[in-house]
Amino acid sequence: MTLFSPVEMAPRDPILGLNEAFNADNRSEKVNLGVGVYYDENGKVPLLRAVCAAEEARVAEQGPRPYLPMEGLASYDAAVQTLLFGAESSLLESGRLVTAQSIGGTGALKLGADFLYRLLNKRLVAISDPSWENHRSLFEAAGFEVVTYPYYDPQTHGVNLEGMLEGIEKLPEGSVVLLHACCHNPTGADLSLADWTRVIDVIQRRNHVPFIDIAYQGFGDNLQDDAVALRLFAESGLPLFISSSFSKSFSLYGERVGALTLVTESHDEMLSTMSQLKRVIRTNYSNPPTHGAKVVSAVLNNVELYAKWEEELAEMRDRIRIMRSSLVEKLAAAGVTKDMSFIERQRGMFSYSGLTKAQVARLADEFAIYAVGSGRICVAALNTGNIDHVANSMAAVLK
Ligand code: PMP
């Protein structure tokens, strides 16, 4: 008997496990649609030109590398607030916002979860059915009970709004409700402006605590419209938790750049909340890393670099849209008679393709195409070089 001998193998992460299987596959036509990463037309993770320019300036500066404050780089935190709420928002000058730079969007969720654990007696979180797998694990690990509210309607491939409203209504008063601001992961099905108003209404009536995850701002319609839920929530006067991430929008996955933003009711609340949030940070990792935040801050706070970034973000978004339309067309051309046009209506990086577990397994075995067992495919991993193989293979397993 050794110290570690009782340790059992943990279950494989469903998505990271897929990467291992993909890497071990020797077939040259292999395609990985399992990831949550944007690849460009050449199948590469892009390095944005705006990021490159900011990095060159940073290296040329040859500055020292001291610790950042616990809540991160001030110019970054302020730029995050502007991006989330819009430059004209009265919230920016209200003294009611708390923003702490975080270790990616995941880190923001974890900070929020740890903070809420200390704040609430009822530790219940409701996530969408389905949701990003890590939402459940992360809140469970932070000590919460996690339940789901209905979200996806497989018949329409869109949102089951009535089911969602009813599910949220039925939660015990004061539950935490986790929502995706845009580009829902994994379904690609989003709420409309009118839908959001109804969701806010139920949350307000039931005294729930809204926690909005925005990991894909700019991948839906544009930076402003993708944040509309945040702005509506802010107008409603509800307290608010927001986790945001630049992993995708800046293609800075490995630099871990995100933020947790809270909307409090007064300047005093902001001060006490920030002081407690700092304790959570201090006892977890003390203070965040510098590089990603410096780069993002340099871009967001410079008119020219900002314009360049917005352009590059639009390029990514448009390329995904083209891939969506092209996939729908090619599936029909390959003989799929079922209406697959929902793929074009879904937004962001993913599509819930409707493929069954068995069909996903066939795609991997027979065609070297890797997708998540739920049928989620990453449309952002398609390109003109692999889309024919993907469409023909999907058509073969759908028949
Ligand atoms: N939330 C959602 C909905 C996501 O899809 C992701 C990334 N896959 C995250 C949060 C985490 O983002 P990050 O990689 O910045 O930690």
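The values are calculated or read from the model by the stated rules, or taken from the named source; none is laboratory data. In this text the structure is predicted, and so the values were computed from the model without any measurement. When we count neighbours, we look across all protein chains shown, and the Cβ atoms used for this are built from the backbone with ideal geometry, even at glycine.
Within the stretch 14-42, can you find the residues that are assigned to a loop (DSSP other than H, G, I, E, B) and either in contact with a strand residue (DSSP E or B) (Cβ under 6 Å, 6 or more places away or on another chain) or within 21 Å of GLU255 (Cβ to Cβ) (or both)?
The answer is LEU33, GLY34, VAL35, GLY36, VAL37, TYR38, TYR39, ASP40.
Six or more apart or on different chains, Cβ atoms under 6 Å: show the pairs whose first residue is in the stretch 89-113 and at positive phi and whose second is within 14 Å of the ligand (Cβ to nearest atom) and not in a loop (DSSP other than H, G, I, E, B).
Close Cβ pairs (under 6 Å, with a partner that is within 14 Å of the ligand (Cβ to nearest atom) and not in a loop (DSSP other than H, G, I, E, B)) amount to GLY104/SER245; GLY104/GLY258.
Is there any pair linking a residue in the stretch 187-203 that is in contact (Cβ under 8 Å) with a residue 12 or more places away in the chain to one that is hydroxyl-bearing (Ser, Thr, Tyr) and assigned to a loop (DSSP other than H, G, I, E, B), with Cβ under 8 Å and at least six apart or on different chains, and which?
Close Cβ pairs satisfying both conditions: THR187/TYR151; ALA189/TYR151.
Would a scan of the stretch 297-306 turn up a residue that is surrounded by fewer than 16 Cβ atoms within 10 Å (Cβ to Cβ), out of contact with any Pro (no Cβ under 8 Å at 6 or more places or on another chain) and part of a loop (DSSP other than H, G, I, E, B)?
Scanning the stretch 297-306, I find at least one residue that is surrounded by fewer than 16 Cβ atoms within 10 Å (Cβ to Cβ), out of contact with any Pro (no Cβ under 8 Å at 6 or more places or on another chain) and part of a loop (DSSP other than H, G, I, E, B), so the answer is yes.
Restricting to the stretch 242-287, count the residues that are among the hydrophobic types (A, V, I, L, M, F, W, C) and out of contact with any helix residue (DSSP H, G or I) (no Cβ under 9 Å at 6 or more places or on another chain).
Selection size over the stretch 242-287: 3.
For the stretch 226-267, give me each residue that is of a type in the set (Asp, Glu), farther than 18 Å from MET70 by Cα and more than 13 Å from the chain's Cα centre (by Cα).
GLU235, GLU265, listed by residue number.
Please find, among LYS110, LYS170, the residue that is within 15 Å of the ligand (Cβ to nearest atom), basic (Lys, Arg), more than 19 Å from GLN346 (Cα to Cα) and modelled with pLDDT of 95 or more.
LYS110
Answer yes or no: is there a residue in the stretch 208-215 that is over 17 Å from ASN121 (Cα atoms), at pLDDT 95 or above and surrounded by fewer than 21 Cβ atoms within 10 Å (Cβ to Cβ).
No, there is no match, as no residue in the stretch 208-215 is over 17 Å from ASN121 (Cα atoms), at pLDDT 95 or above and surrounded by fewer than 21 Cβ atoms within 10 Å (Cβ to Cβ).
Could you please find all residues in the stretch 242-261 being in contact with a strand residue (DSSP E or B) (Cβ under 6 Å, 6 or more places away or on another chain) and surrounded by fewer than 22 Cβ atoms within 10 Å (Cβ to Cβ)?
Of everything in the stretch 242-261, just one residue is in contact with a strand residue (DSSP E or B) (Cβ under 6 Å, 6 or more places away or on another chain) and surrounded by fewer than 22 Cβ atoms within 10 Å (Cβ to Cβ), namely ARG256.
Since GLU265 meets every condition but one in (1) outside any loop (DSSP other than H, G, I, E, B); (2) away from the ligand (no atom under 16 Å from the Cβ); (3) among the charged types (D, E, K, R), which condition does it not meet?
Answer for GLU265: the failing condition is (1).
Consider the stretch 73-100. How many of its residues are within 16 Å of the ligand (Cβ to nearest atom) and over 25 Å from ASP225 (Cβ atoms)?
Of the residues in the stretch 73-100, 1 are within 16 Å of the ligand (Cβ to nearest atom) and over 25 Å from ASP225 (Cβ atoms).
Considering ASP190, ASP221, ASP213, which residue is closer than 29 Å to GLU315 by Cα, part of a loop (DSSP other than H, G, I, E, B), of a type in the set (Asp, Glu) and within 15 Å of the ligand (Cβ to nearest atom)?
Matching residue, one of ASP190, ASP221, ASP213: ASP190.
Please verify whether GLY254 is closer than 28 Å to TYR352 by Cβ and without any contact (Cβ under 8 Å) to a residue 12 or more places away in the chain, treating the condition exactly as stated.
Answer is yes for this residue.
Checking VAL336 against (1) in contact (Cβ under 8 Å) with a residue 12 or more places away in the chain; (2) exposed (fewer than 14 other Cβ atoms within 10 Å of the Cβ); (3) not in a helix (DSSP H, G or I): exactly one of these is not met. Which one?
Of everything listed in (1) in contact (Cβ under 8 Å) with a residue 12 or more places away in the chain; (2) exposed (fewer than 14 other Cβ atoms within 10 Å of the Cβ); (3) not in a helix (DSSP H, G or I), VAL336 misses just condition (2).
Is it true that some residue in the stretch 248-255 is within 16 Å of the ligand (Cβ to nearest atom) and among the aliphatic types (A, V, I, L, M)?
For the stretch 248-255, residues within 16 Å of the ligand (Cβ to nearest atom) and among the aliphatic types (A, V, I, L, M): present.
So which residues in the stretch 22-36 are loosely packed, with under 15 Cβ neighbours inside 10 Å and among the aliphatic types (A, V, I, L, M)?
ALA24 - this is the single residue of the stretch 22-36 that is loosely packed, with under 15 Cβ neighbours inside 10 Å and among the aliphatic types (A, V, I, L, M).
Quick one: GLN359 ticks every box in (1) closer than 18 Å to HIS157 by Cβ; (2) in contact with a strand residue (DSSP E or B) (Cβ under 8 Å, 6 or more places away or on another chain); (3) surrounded by fewer than 22 Cβ atoms within 10 Å (Cβ to Cβ) except a single one, so which number is it?
Checking GLN359 against (1) closer than 18 Å to HIS157 by Cβ; (2) in contact with a strand residue (DSSP E or B) (Cβ under 8 Å, 6 or more places away or on another chain); (3) surrounded by fewer than 22 Cβ atoms within 10 Å (Cβ to Cβ), the one that fails is (2).
Could you grab the pairs with beta carbons closer than 8 Å, sequence gap of 6+ or different chains, first residue in the stretch 220-245 and under 14 Å from ARG96 (Cα atoms) and free of Cβ contacts under 8 Å to residues at least 40 places away in the same chain, second one surrounded by fewer than 24 Cβ atoms within 10 Å (Cβ to Cβ) and polar (S, T, N, Q)?
Partner pairs satisfying both residue conditions: LEU238/GLN204; PRO239/THR264.
Working only within the stretch 125-145, note down all residues that are hydrophobic (A, V, I, L, M, F, W, C), away from the ligand (no atom under 12 Å from the Cβ) and not in a helix (DSSP H, G or I).
Selection gives VAL125, ALA126, ALA142, PHE144.
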